[in-house]
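Shown next, in structure tokens, is the structure this report addresses.
The values are calculated or read from the model by the stated rules, or taken from the named source; none is laboratory data. Being a predicted model, the structure only gives us computed values, none of them experimental. Please note: Cβ atoms are built from the backbone with ideal geometry, for glycine as well, and neighbour counts cover all protein chains shown. Surface areas here come from the heavy atoms of the whole protein model, side chains and all, with no ligands, DNA or RNA. Shrake-Rupley method; radii C 1.70, N 1.55, O 1.52, S 1.80 Å.
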Amino acid sequence: MLADSVASALRAAISEGEYMPGHQLSEVRAAERFECSRNTLRESFAMLASERIVERIPHRGVFIATPDGDFVRDLYLARAAIEPAAARYATFEDPGELVRLTESAVLTDAPRPLINQRFHKQLVAGLGSPTLDRSMSHLLARMRLTFLLTLERYPQIHDNHVQANIDLAHLIAQGEREAAADACRADLMRAMESILRVL
């Protein structure tokens, strides 16, 4: 369905930081960019609104969501349900790949936000569920909006979790899956509290 594809493309653009929280989406420009009709675009907006990625404001238009406390709590509680389960139960052909990915955040000039997102996406992908992959895609778009909103007041938001991601990847690679699940949940809860303090 074309509306699904357009919604996925919009999610990806948001995850890559192309839109800031509160940005108004022009139907005309978005329809041109994604080569779809405005009706299809409206269907896509409705999907994204149900995921809390955009919000419709009557008589004003569609805007990229601006995270507030409820948005952040909901986001992190959802992640805290999925990601520790992945740390505990996911299957990885090469767990060392997770270690190399997380360590690349300190060994290369690659942008840390993208490495962070790739790591969490790969973590959940190890569960082998297309449904959870889609859910994680929605959550990653919301995560990016949260980071963009709080970055000015919390500039170390990514740096503070680099070592936690490395430690988590090592626990998974070493087969210490219960400890990995506990560490994953604890780091997510710390992140949530840190973000709530600066909102």
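What to note about this one:
- In this structure, residue 157 qualifies as open to solvent by less than 40 Å² (accessible area, probe 1.4 Å), in contact with a Pro (Cβ under 9 Å, 6 or more places away or on another chain) and without any contact (Cβ under 8 Å) to a residue 40 or more places away in the chain.
- In this entry, residue 65 passes the filter for residues that are among the small types (Gly, Ala, Ser), in contact with a Pro (Cβ under 8 Å, 6 or more places away or on another chain) and closer than 26 Å to residue 195 by Cα.
- Test: residue in the stretch 35-45 that is outside the structural domain of residue 177 (by the TED database), closer than 25 Å to residue 116 by Cα and out of contact with any Leu (no Cβ under 9 Å at 6 or more places or on another chain): no
- Residue 103 touching a strand residue (DSSP E or B) at 6+ places or on another chain (Cβ under 8 Å) and either surrounded by fewer than 17 Cβ atoms within 10 Å (Cβ to Cβ) or not assigned by the TED database to the domain that holds residue 150 (or both): no
- Residues of the stretch 63-94 satisfying the condition of being over 22 Å from residue 179 (Cβ atoms) and surrounded by fewer than 18 Cβ atoms within 10 Å (Cβ to Cβ): 63, 66, 68, 69, 70, 73, 74, 78
- Within the option set 76, 89, being assigned by the TED database to the domain that holds residue 140, over 14 Å from residue 141 (Cα atoms) and of a type in the set (Phe, Trp, Tyr) holds for one residue only, 89.
- Of all residues in the stretch 51-62, exactly one satisfies the criterion of being touching a Leu at 6+ places or on another chain (Cβ under 7 Å) and closer than 14 Å to residue 141 by Cα, namely 54.
- Output for the stretch 25-64, where each listed residue is in a helix (DSSP H, G or I) and over 24 Å from the mean Cα position of the chain (by Cα): 27, 28, 29, 31, 32, 38, 39, 40
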